[in-house]
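Asks: Sharing a structure here in structure tokens format.
Just so it is clear, none of the values below were taken in a lab; they were calculated from the coordinates. Remember, predicted model here, so these are calculated numbers, not experimental data. Cβ atoms come from the backbone with ideal geometry, glycine included; neighbour counts cover every protein chain shown.
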Amino acid sequence: MLKTRLWMGSILIVLALLVLTEGSFAAGAYPFLLVFTLGAAVLGTEELRRLLPASDRPRAWVAFPLIVACILVHWLTVDWSDALLGIVAGGCVLSLVVEIACFTGPGGIVPRVSHTAFAVVLLGVLPGSLVRIRMMEPDALRGGLMLAATIFVPKFNDIGAYFTGKFLTGRVLGRTPFMPLLSPKKTWQGAVGGMLASILTAIGLHEFGGLFRHGALEAVGFGVAVGTAGILGDLAESLIKRDCGQKDASSTIPGFGGVLDVIDSLLFAAPVAWVWFTLAR
């Protein structure tokens, strides 16, 4: 398992670097980021649908266009907030209209409409924060560093928690379960190690490129806030999987599970990072 995680993790890091460095040759367009966000949103939506009972799944031909529209809004319009609100509200109405047209008897209608709205927000609205962060700063290097902090702070939290909980603290400090009902393998020791990794990652990126206007102290705050959001995103996905009686979202990515298992921390971390960078400007 560890060997698989390492080689698959290396591939994911290379893909992340392509997304982070494309500003130097594709400023303003960001095709790799577009492909990443669209791919993650679409694949994640299909995994979410498969987790749910067949009768409760959002209709694919309703959910997918709405989610793709949410992602594309960030490239196509400056007034993205109003457009997103319109898509989410219009999507809820559309889902109801479709159910009216397709009605054959009671059962599954409210769950399908509710899950459609949930999927649009979770996998259409939240990932768009990555795009807003990238386009927030005209300077390609700074914009890339902001996006790097958004991605690497929660992901290094995952890595730090995994290695701390599994290898570093077991014999010395023991393993105290963090939330055993949701995620039995998570420990408080791992959570502390993950948070330290988040803080060190934020400080390292600041030292590399002067990312935070208020210095290392702001980097620490960013690491704590975005690292915590990443943990909550991971736990939220665990909650969904446990409620649906599944261990992993799928087996799409060897050693990691599914796309949702990889991006879960980013879904919560990205909006927090976007708010942080917006307020700190």
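Asks: Each label point is 7 Å from the Cα along the Cα-to-Cβ direction; what then is the distance between the points at Val224 and Met136, in nm?
Replies: 1.9 nm
Asks: By how many nm would the segment from Ser114 to Val68 lengthen if fully extended, with 0.36 nm per residue of separation less the alpha-carbon distance? List each step's numbers first, then the result.
Replies: On the way: separation 46, 0.36 × 46 = 16.56 nm, distance 1.82 nm.
Once the chain is fully extended between Ser114 and Val68, it gains 14.7 nm.
Asks: Taking the number of other C-beta atoms within 10 Å as the exposure measure, put Leu130, Leu38 in order starting with the fewest. Walk me through the numbers before you get to the answer.
Replies: Details: Leu130 28, Leu38 15.
If I rank by nearby Cβ atoms, fewest first, I get Leu38, Leu130.
Asks: Something else now. Extending each Cα 7 Å along its Cβ direction at Leu182 and Val88, get the distance between those two points in nm, one decimal.
Replies: 2.1 nm
Asks: Turning to a different aspect of this structure: To make sure I understand, if each residue's beta carbon is the centre and we count other beta carbons within 10 Å, what order do Ser114, Ser265 fall in, fewest to most? List each step's numbers first, then the result.
Replies: Numbers: Ser114 14, Ser265 27.
Least to most surrounded, the residues fall as Ser114, Ser265.
Asks: Amide H neighbours of Lys186 under 5 Å, counting only residues 5+ apart in sequence or on other chains, H built in-plane at 1.01 Å?
Replies: Here Phe178, Met179 satisfy the definition.
Asks: Using only the alpha-carbon atoms, what does the range 121-235 span along each of its principal axes? Please give whole angstrom values in decreasing order.
Replies: That gives 48, 34, 18 Å along the principal axes, largest extent first.
Asks: Let me ask something additional. Using the eigenvalues of the Cα gyration tensor, what equivalent ellipsoid semi-axes result for the range 64-138 when each is taken as the square root of five times the eigenvalue, whole Å, largest first?
Replies: Rounded to whole Å, the semi-axes are 29, 11, 8.
Asks: I've got another one for you. How many nm separate the modelled label positions at Ala216 and Ala54, each set 7 Å beyond the Cα in the direction of the Cβ?
Replies: 5.9 nm
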